[in-house]
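Where a number appears in this text, it was derived from the coordinates with a stated rule and is not lab data. Treat the numbers as computed from the prediction; the structure is a model and nothing was measured. Glycine gets a Cβ as well: all are built from the backbone with ideal geometry, and neighbour counts include every protein chain shown.
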Amino acid sequence: MIYKSFNLSVVIRLLTLALATAGLSIAVYLQNWLLAAPLVLIILISVFSLIYFLNSINRKVAFFFDAVTNEDTTLHYSESIRPRSLRALHQSLNLLNKHIADIKIKNEYNEKFFQEMLKSSATGLLAVDEKGYIEQINDSALDFIGLPHITHIDLLKQKNQELFEQLMLITPGQSRTIKVLHDNELRLFSLKVALLNFGSNSYRLYSITDIKAELEENELDSWQKLIRVMTHEIMNSVAPITSLSNTLSRIFIRNNHPIPVQEVTGKHVENIIHGLEVIENTGSGLMRFVEDYRKLTKVPSPVFKSISIDNWLNATRLLMRDKLNEEKINLRIVKKGSRNELIGDEKLLNQVMINILNNAVDALKDKDHKKIAISITENNLGRLKISISDNGKGIPPEELEKIFIPFYTTKEKGSGIGLSLSRKIMRLHRGSISVSSQPAEKTTFILSF
């Protein structure tokens, strides 16, 4: 509407100017000076009116944009002026100004909301620009680093050299656990960083989370689960030994007195020998349990070296070849991406891979068209992922959270330490092991480095 009014006003002024100019030309040609004089006046007025009209609109628009540039949203143009075109322009500018004011208020509200959320967050948040100046920091982060305020990251070096070095060394996608001594109390933090770009400015956003309480709770829960399993295993071994020992002792007791030697028969001796064999077998099982526990608690420290992924997996395939051929299992290795090496202890990682592959073989016992697939990929952050999938019987949902508990097993002859040992080895490599399963369809173990 404003464009139509503006065009109409300009057209009217131009048309008036054109008619007056044409009339003046005719008057001069006829030498009618009485008619030429007022036409000259009309031409001058028309030119002045057109220039004033255009300049008036330009001034209003320029003034409006100056107000926007200076974030002045109080500007208001009168909407009761006579020229219709200017009235329409004023209405449009006022409407646009109100819209800008609403956006400004909303942005201020959002900024205040996020500032309050940042301030009340239990996670410490720290935004640092390229020059090391701290753009944003919340109270939790200040509490974690033990300073009342800080303006530059270099100031942290004076307070805590180790924390400063960790902040400098960590890269996006990594997660580091750091220890900080604060008021004579050892605190454990999980440290992560992300890169943020706003126009030409770049920031490193650090998040610091206190995980000591969580670790203590998880550790207590793990100990409780371990104690329950160990108690179950030990009682299953000790109870039969105690019961059988009592039974064997009563073979030679009558009326609370030992029976005479001459009354001891071959049957008595046979029962004793059989009972001792049972005690020996049960004791051996208990010894194996203790030995498994020693294996779990005495994992050697990894010796990190560069490992060729292709050579390592091909060597693993060779180790498992006889078992795979015997069970008629098709093992396929698929490698995606350009990653050719990983840093780790090949002997320890072999234990992890063989444990998982043995479990996959067991899961495929009663399956037709047995398949195992090993896939090597990289995520967007460059982390290596090795997925081992089988199309076996799967793992029930209620078992998924238990299979990594030491000594927990669903197999008749299983020790229950393979996956626990694998998780410990992966943690020593600063990695993780996880599992997903669809019963009767597919199970996938993922090793993340």
> Separation of the range 141-181 and the range 92-112 by C-alpha centroid, Å?
Replying inline: 39
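What's the exposure ranking of 345, 154, 390, going from fewest to most Cβ atoms within 10 Å? Could you put the intermediate results ahead of the total?
Numbers: 345 18, 154 11, 390 26.
By the 10 Å Cβ count, ascending, the order reads 154, 345, 390.
Sorting 254, 176 on the 10 Å Cβ count, fewest up front, what's the list? Let's see the in-between values first.
Details: 254 11, 176 15.
If I rank by nearby Cβ atoms, fewest first, I get 254, 176.
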> Excluding residue 309 itself, what net charge comes from residues whose Cβ is under 15 Å from its Cβ, given Lys and Arg +1 and Asp and Glu -1?
Replying inline: +2
> Counting Lys and Arg as +1 and Asp and Glu as -1, each charge on the Cβ, what is the dipole of the range 121-210 about the Cα centre in debye, to the nearest 20?
Replying inline: 240
>> Taking the number of other C-beta atoms within 10 Å as the exposure measure, put 426, 117 in order starting with the fewest.
In response: 117, 426
